[in-house]
1. Which residues, taken from segment 237-289, are over 18 Å from GLU218 (Cα atoms), surrounded by 14 or more Cβ atoms within 10 Å (Cβ to Cβ) and among the basic types (Lys, Arg)?
2. Considering each of ALA35, ALA53, ALA49, ALA57 in turn, give the residue that is of a type in the set (Gly, Ala, Ser) and closer than 30 Å to ALA191 by Cα.
3. Checking ILE201 against (1) exposed (fewer than 14 other Cβ atoms within 10 Å of the Cβ); (2) under 19 Å from the mean Cα position of the chain (by Cα); (3) among the hydrophobic types (A, V, I, L, M, F, W, C), which single condition isn't satisfied?
4. Can you tell which of LEU178, LEU182, LEU242, LEU238 is more than 22 Å from ILE109 (Cβ to Cβ) and within 16 Å of the ligand (Cβ to nearest atom)?
5. Using the structure shown, decide if ALA255 is farther than 30 Å from ALA166 by Cβ, more than 26 Å from the chain's Cα centre (by Cα), among the hydrophobic types (A, V, I, L, M, F, W, C) and away from the ligand (no atom under 16 Å from the Cβ).
6. Please go through segment 162-173 and pick out each residue that is free of Cβ contacts under 8 Å to residues at least 60 places away in the same chain and crowded, with 18+ Cβ neighbours inside 10 Å.
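Nothing in this text is a laboratory measurement; each read-out follows from the coordinates by a stated rule. Keep in mind the model is a prediction, meaning the values are calculated, not measured. Using ideal geometry, Cβ is built from the backbone for each residue, glycine included, and neighbour counts are taken over all protein chains shown.
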Amino acid sequence: MKQEILKLGAKRVLIQLPEGLKQAAPRLAKIVEKAGALPIVSADPCYGACDLATTDAENLGVDMTIHYGHSKMVKYERVPTVYVEARATVNVNDVAQKALPLLQKWQRIGLATTVQHVQTLDVVRELLTRAGKTVIIGDAGHLNYPGQVIGCNYSNARSIAKDVEAFLFIGGGQFHALGVALSTSKPTIVADPYAGTALSIDKEAEKIVKQRWAIIEEARKATTLAVLVGLKPGQKRLEEALEVKKKLEDKGKTAFLIAAEEVTPEALMEFPTIDAYVNTACPRISFDDASRFKKPVLTVNEALVVIGALSWEELCRRGLLES
Ligand code: SF4
């Protein structure tokens, strides 16, 4: 980080951190100061590497952004950006051991994790191999590390889905493990080193599949739809939004474009005459906040099912989270 500051000759640096890691800000600010630049910490929420504070960086006239906690996602940054990946030091051996009985039925196991734990995959692979399993770690070439997943990209897991019977996900919470299950349609066990637990995520995934089907059915009645365009640098898919809008109109629907930095239930409530939304921003908004939205918020592929351009079976085959 210090070298990058010196290399760029940066005099003013914006530090951006995700929730949960913001407490590292003073330590990073000190490092920036010692490198001879003025640090400015962003207090705004940051949900992923898609969420680069480019406009804020420009407004503040910084020479460089330090984006902490995520690996690079946006290809071309308007402000030079250095990514500092946070690595967890928590031991995963015990939870991987706990996962073994849950993996008993299956022989071929795929491994997946987030960038915080990619360094543990070799150890877990060895542990499973010693237990007689065949372990596969996918690398589709779209993310920084084999086996890595991010909230909206499970290409590594999908690339091996046909070769494995189940997945073991290493990491905290259900968010990414659910993504693995929904993207691969394979049984998925999550070994959570923070909670110290290993459990199956399949019931939760089934519940979401049923919920998505119900939302699609409800959206079939919609006559007026809005296509949501995300304004965060890694979420803006205007071309795709225009294509969906046209497809909806070709099927006799009325369709508008609505752009938003944050797609929230409160923001959408301001448009009572819209019957349903098609979300081209962060696909997880449709899934994770589904029960909070008063109207259906479809992914692009779900919208295609609504207008008959894609079958539900094909959508499930592609993976519900794929776009
Ligand atoms: S688009 Fe959504 S899921 Fe993907 S990185 Fe951004 S916040 Fe995470």
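1. ARG237, LYS245, LYS247, ARG284
2. Numbers: ALA35 fails: closer than 30 Å to ALA191 by Cα; ALA53 fails: closer than 30 Å to ALA191 by Cα; ALA57 fails: closer than 30 Å to ALA191 by Cα.
Only one candidate passes the filter, namely ALA49.
3. Looking at each condition in turn, ILE201 falls short on (1).
4. Working: LEU178 fails: more than 22 Å from ILE109 (Cβ to Cβ); LEU182 fails: more than 22 Å from ILE109 (Cβ to Cβ); LEU242 fails: within 16 Å of the ligand (Cβ to nearest atom).
Going through LEU178, LEU182, LEU242, LEU238 in turn, just one is more than 22 Å from ILE109 (Cβ to Cβ) and within 16 Å of the ligand (Cβ to nearest atom): LEU238.
5. On the way: farther than 30 Å from ALA166 by Cβ: yes; more than 26 Å from the chain's Cα centre (by Cα): yes; among the hydrophobic types (A, V, I, L, M, F, W, C): yes; away from the ligand (no atom under 16 Å from the Cβ): yes.
In short, yes.
6. VAL164, PHE167, PHE169, GLY171, GLY172, listed by residue number.
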